[in-house]
Amino acid sequence: MNIFNPKKEESNKIKVPEEMKDRIPDGLFLACPYCGKEIYNKELGPYRVCPNCNYGFRLQAHERLALFATDFTEFDESLTISETDFPGYAEKLARAKQQTQMQESVLTGVGRIDGQQTALGIMDSYFMMGSLGTQTGEKITRLFEEATARRLPVVLFTASGGARMQEGIRSLMQMAKVSAAVAAHQEAALPYFVVLTDPTTGGVTASFAMQGDLILAEPHALVGFAGARVIESTIHEKLPKDFQRVETLLANGFVDQIVPRQDLVARLGLLLALHQEEAR
Ligand SMILES: [Zn+2]
């Protein structure tokens, strides 16, 4: 089903017993990572959503682009980091590029959502866990700068494991750099819509994922800063179920609305239309 990276759903696959392997193809059934229900792959439909709980299975940036936008023109397609002296980093990066057909963990450009023109960024958790590398930050910064110059709104789909440890302090710098570009965009009275997708964590949550004028989220997406296990071992307490799920964030005021993936095009289209500048 997944044309970009057939290996990516390996961890969700239901194990087929040896004696049945000749009759049941591998990957035909998946387990929902949220509710655990076993699902026939085709039941996920084009939006790759669990029919039981509405959890949206993780998508690669190009898959999401195909579902959500039209008339897309990409920015900075070939931007990539050149210094990779951290041990093993160059190999990991090469593998990520090959698997995702991207040069960095975010896709940026301009396009239309439900007919409305917008600057658009889509992070890809299959590219080194969507980690925030120097060039990821640079691409998102340029996206906001370009949007400010062209007086366009920004829609950003976040998905990230956080800062890219292989790039050390240069990775952490991106949080401040992108935040400054977001602020300049906001000062120009232009809207910024975030869509939190599973998972959005670490430095991305600690910066631009939480700076949107409106923050939408896909059902049951995991959103947090530190991992639940790290918190549990620090405070020596068991965390409640759904501690870092968007439903909890919504109840505590960190998210404005949870929107099923199937409804996102129409919802974003409506928000973009409502916030359109009169001259455009
Ligand atoms: Zn489910």
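Ranked by the mean number of other Cβ atoms within 10 Å per residue, highest first, peptides 64-74, 135-145 order as 135-145, 64-74. Placing a pseudo-label 7 Å from each Cα along the Cα-to-Cβ vector at Glu237 and Arg112 gives an inter-label distance of 5.1 nm.
For the chain, the equivalent ellipsoid derived from the alpha-carbon gyration tensor has semi-axes of 29, 22, 21 Å in decreasing order.
Between 0 and 90 degrees, the angle of helix 168-187 with respect to the longest Cα principal axis of the chain falls at about 50 degrees. With both labels modelled 7 Å from their Cα along Cα-to-Cβ, the Lys97 to Ala266 distance reads 4.2 nm.
FRET efficiency for the pair Lys42 and Leu214, taken as 1/(1 + (r/R0)^6) with r the Cβ-Cβ distance and R0 = 41 Å, rounds to 0.75. Each of Asn252 and Ser78 was given a label point 7 Å from its Cα along the Cα-to-Cβ line. The distance between the two points is 4.5 nm. In this calculation the C-beta distance from Ala188 to Leu28 is compared with R0 = 41 Å, giving a FRET efficiency of 0.25. Legend: translational diffusion of region 151-272 by Stokes-Einstein, Rh = Kirkwood radius over C-alpha pairs, 37 °C, 0.692 mPa s; D = 215 µm²/s.
Read-outs: derived from the displayed coordinates by stated rules, not from any lab. For clarity, every value in this text was computed on a predicted model and none was experimentally measured. As a convention, Cβ positions derive from the backbone with ideal geometry for all residues, glycine included, and neighbour counts pool all protein chains shown.
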